[in-house]
1. If you check every pair at least six apart or on different chains, which have Cβ atoms under 7 Å apart with a residue in segment 105-127 that is in the same structural domain as K75 (by TED's automatic domain parsing) and under 30 Å from V79 (Cα atoms) first and a residue that is among the hydrophobic types (A, V, I, L, M, F, W, C) and at pLDDT 90 or above second?
2. Would segment 100-113 turn up any residue that is assigned to a helix (DSSP H, G or I) and closer than 18 Å to I60 by Cα?
3. When you go through (1) over 22 Å from the mean Cα position of the chain (by Cα); (2) surrounded by 12 or more Cβ atoms within 10 Å (Cβ to Cβ); (3) not hydrophobic (A, V, I, L, M, F, W, C) one by one for S70, which number turns out not to apply?
Amino acid sequence: MHTKRKRKIAHFYDVSFLSDLFLAFTAGNIRREIVNNASATEQSGSALIGLVLVFFIICIYFIPTVIAVSRKLNKPAGVIAVNALLGWTVVGWIGALVMAFSMETETDYKLRTQAMMAVAKMAEKQD
């Protein structure tokens, strides 16, 4: 009986058993790391998609402001205010978009002012 006990103890300290145990432990850790890295990659991918989506929504939200500035409106502050304050509602956003397309540009304002001045001068000459 004493020899069986030594054999069991000797088997426990056997190098092949320890190497198998080490390989199983490291394989489990490697597998766990692969799963963790995959889930981290999926999370970072979904975070990137979320950031792109937020950026896209912000760009759409400020389209009326961009149009007003690019058209060089005479007074773009109204469009910017309506877009910033009421753009979160669909009606406010559409209103800001309509304002951006229909308001007077700087060139139109200058032409209208010149025409009014010419009409005023003609009226003075007739009197």
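1. Note: pairs meeting the criteria are T105/L73.
2. Yes - at least one qualifying residue is present in segment 100-113.
3. (2)
The values are calculated or read from the model by the stated rules, or taken from the named source; none is laboratory data. Remember, it's a predicted structure, so these values are computed and weren't measured experimentally. Backbone-built Cβ (ideal geometry, glycine too); neighbour counts: all protein chains shown.
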